[in-house]
Amino acid sequence: MTSSARDAYREGVAVAVALVTSDRVATTWDTPSALAGMTVGELAAHLARSVLQVEWYLDGPLDADAALVTAAGYYGDLAGTSEPTSALNTGVRARSAETAAQGHAALADAVTAAAARLAERLVREPADRRLTVRHQGHTLLLDEYLRTRCVELAVHTEDLALTLGSDVRAPAATVGVAVEVLVGAARYRHGDTAVLHALARRERDTTDALRVL
């Protein structure tokens, strides 16, 4: 798990950083993105935060007494994912806007440098390394948190690429981890029978069980 999560994350970061730092993002920075309520710059910043936040939380305070949350539980516990005005989504947009406020050049420099440092650091971090996500209060093993970041990298690399008219997508390994996490979150939230119905008997899927985000 440790190796596959970290490798999938690193592969996803390489593609995301190349997209975020591209000239196309720079020239369309203030235009609307494919996500309602977010500019290209804000979407790029949100994608970049999947790199930046890993460093922030590794170096930030740890709630050592907190129960560990899995990647599936991290997403399974989210509320208001499909509501644009929910606290979750307004928080995402606010944090993205805050990060985007530095402008494209500064964001590109920051995410490139962070990715380079993480490429070396993730090789050294032990399997039992924990971190606490400050804005949610969840504590996860580093590798479980990286699995959540694979979700963000897979989803938002596509969002940004579609915005730019690009065919770039996250690597297969990153997407594979993302799918595992999201199916796990669906099972966590709705139970196996509901997920089975969503996969094999859609006429019995009364809860839209596979819709996690």
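Quick notes on this structure:
- Selection status of Leu210, touching a residue at least 24 places away in the same chain (Cβ under 8 Å), among the hydrophobic types (A, V, I, L, M, F, W, C) and closer than 23 Å to Arg6 by Cα: no
- Count - residues of region 49-71 that are over 23 Å from Leu19 (Cα atoms), open to solvent by less than 20 Å² (accessible area, probe 1.4 Å) and among the small types (Gly, Ala, Ser): 1
- When region 180-213 is limited to residues that are open to solvent by 80 Å² or more (accessible area, probe 1.4 Å) and among the hydrophobic types (A, V, I, L, M, F, W, C), the one that is nearest to the chain's Cα centre (by Cα) turns out to be Leu199.
- Which numbered condition Val151 fails, given (1) in contact with a Leu (Cβ under 8 Å, 6 or more places away or on another chain); (2) loosely packed, with under 15 Cβ neighbours inside 10 Å: (2)
- Looking across region 130-143 at every residue that is part of a loop (DSSP other than H, G, I, E, B) and crowded, with 16+ Cβ neighbours inside 10 Å, the one that is nearest to the chain's Cα centre (by Cα) is identified as Val133.
- Evaluation of Glu98 against (1) at pLDDT 95 or above; (2) surrounded by 16 or more Cβ atoms within 10 Å (Cβ to Cβ); (3) out of contact with any strand residue (DSSP E or B) (no Cβ under 9 Å at 6 or more places or on another chain) (one fails), failing number: (2)
- Applying the criterion of being surrounded by fewer than 18 Cβ atoms within 10 Å (Cβ to Cβ) and hydrophobic (A, V, I, L, M, F, W, C) to the residues of region 156-172, the residue that is nearest to Tyr74 (Cα to Cα) is Ala172.
- Residues (among the small types (Gly, Ala, Ser) and in a helix (DSSP H, G or I)) located in region 96-121: Ser96, Ala97, Ala100, Ala105, Ala106, Ala108, Ala110, Ala113, Ala114, Ala115, Ala116, Ala119
- Arg169 being assigned to a helix (DSSP H, G or I) and of a type in the set (Lys, Arg): no
- Filtering region 166-198 to residues that are polar (S, T, N, Q) and more than 11 Å from Arg147 (Cβ to Cβ) leaves Ser166, Thr193.
- Members of region 144-166 that are assigned to a helix (DSSP H, G or I) and small (Gly, Ala, Ser): Ala154, Ala161
- Among residues of region 145-163 that are on the phi > 0 side of the Ramachandran plot, none has a beta-carbon under 9 Å from a residue that is at pLDDT below 95 and surrounded by 24 or more Cβ atoms within 10 Å (Cβ to Cβ) at least six positions away or on a different chain.
The values are calculated or read from the model by the stated rules, or taken from the named source; none is laboratory data. Computed from a predicted model, the values in this text were never measured in an experiment. Quick reminder, even Gly has a Cβ in these numbers, built from the backbone with ideal geometry, and neighbours come from all protein chains shown. All accessible areas refer to the heavy atoms of the entire protein, side chains included, with ligands and DNA or RNA removed. Shrake-Rupley method; radii C 1.70, N 1.55, O 1.52, S 1.80 Å.
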